[in-house]
Amino acid sequence: MMLSPWDRWFSTSCCLCCHVRTGTIILGVWYMLINAVVLLILLTALSDPEQYHLTSAELANDLDVMDDANMCIASAISLLMILICGMATYGAYKLRPAWIIPFFCYQIFDFALNTLVAISIVVYPNTIQDYLQQLPDNFPYKEEIAALSNMCLALIVLIFISSILGFKAYLIACVWNCYRYVNGRGSEVLLYVTTNDTTVLLPPYDDSVSIPIKQAPPPYTTATA
């Protein structure tokens, strides 16, 4: 029997020890915590801009890193991410497959952005040196990193990004397998047949098919006097 690629890579376990549903719940809670911390930092910076605002003199460039408008946009994105991660966690816990889709789409979008970054490094390796020049002078090991050649820097960055992409692809597969598992569990609907006197609960189709067939009764014979 030929299996499709989706069925061949389907698995109900992740991280070698836990179920994909449990893994998706843990992943959703972890993303929610990270975005909650980022949102808290941004709101604190908005409430006290004099303490957290980085000026152009501190960063040795002509532009400020983040003004109030950019902070508001970043706060809105963090709030949206908390909502999406909460939906995925709720969907995995309550067996609601439609609630997992937004988080899965976010993972695909994030993976595509990181892939574009890796492609841009391959095409334009000199951009790494331009980025290093924009870093502040007190950045750790800035001079040692800048002394490396463009090809060496590009190779190091590519290995690092490739490791991140591989890990993200594994998490995408875990969430997709969780969606398939939850979607399959949701299709097992119990049927109720109600009559005037009683209510009968019918089992799912797969369970009824697996029930062994009872032995057929002996053939009927006519009794003779």
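Residue by residue through the stretch 71-88, note down the ones that are within 21 Å of CYS18 (Cα to Cα) and open to solvent by 20 Å² or more (accessible area, probe 1.4 Å).
GLY86, MET87
Since THR55 meets every condition but one in (1) closer than 20 Å to PHE167 by Cα; (2) modelled with pLDDT under 90, which condition does it not meet?
Checking THR55 against (1) closer than 20 Å to PHE167 by Cα; (2) modelled with pLDDT under 90, the one that fails is (1).
Have a look at ALA147, ALA154, ALA118 and point out the one that is closer than 26 Å to ILE84 by Cβ and either exposed (fewer than 13 other Cβ atoms within 10 Å of the Cβ) or not β-branched (Val, Ile, Thr) (or both).
ALA118
Regarding the stretch 10-25, can at least one residue be identified that is open to solvent by 30 Å² or more (accessible area, probe 1.4 Å) and modelled with pLDDT of 90 or more?
Among the residues of the stretch 10-25, at least one is open to solvent by 30 Å² or more (accessible area, probe 1.4 Å) and modelled with pLDDT of 90 or more, which makes the answer yes.
Evaluate the following for ILE82: is it assigned to a helix (DSSP H, G or I) and at pLDDT 90 or above?
Spelling it out, ILE82 is indeed assigned to a helix (DSSP H, G or I) and at pLDDT 90 or above.
Counting only residues that are open to solvent by 70 Å² or more (accessible area, probe 1.4 Å) and aromatic (Phe, Trp, Tyr), how many does the stretch 89-108 have?
Going through the stretch 89-108 one residue at a time, the tally reaches 3.
Please work out if SER163 is over 26 Å from TYR181 (Cα atoms), hydroxyl-bearing (Ser, Thr, Tyr) and open to solvent by 50 Å² or more (accessible area, probe 1.4 Å).
Criteria met by SER163.
The values are calculated or read from the model by the stated rules, or taken from the named source; none is laboratory data. As the structure is a prediction and not an experimental result, all values here were calculated from the model. Please note: Cβ atoms are built from the backbone with ideal geometry, for glycine as well, and neighbour counts cover all protein chains shown. Calculation scope for accessible area: heavy atoms of the full protein, side chains included, ligands and nucleic acids excluded. Shrake-Rupley method; radii C 1.70, N 1.55, O 1.52, S 1.80 Å.
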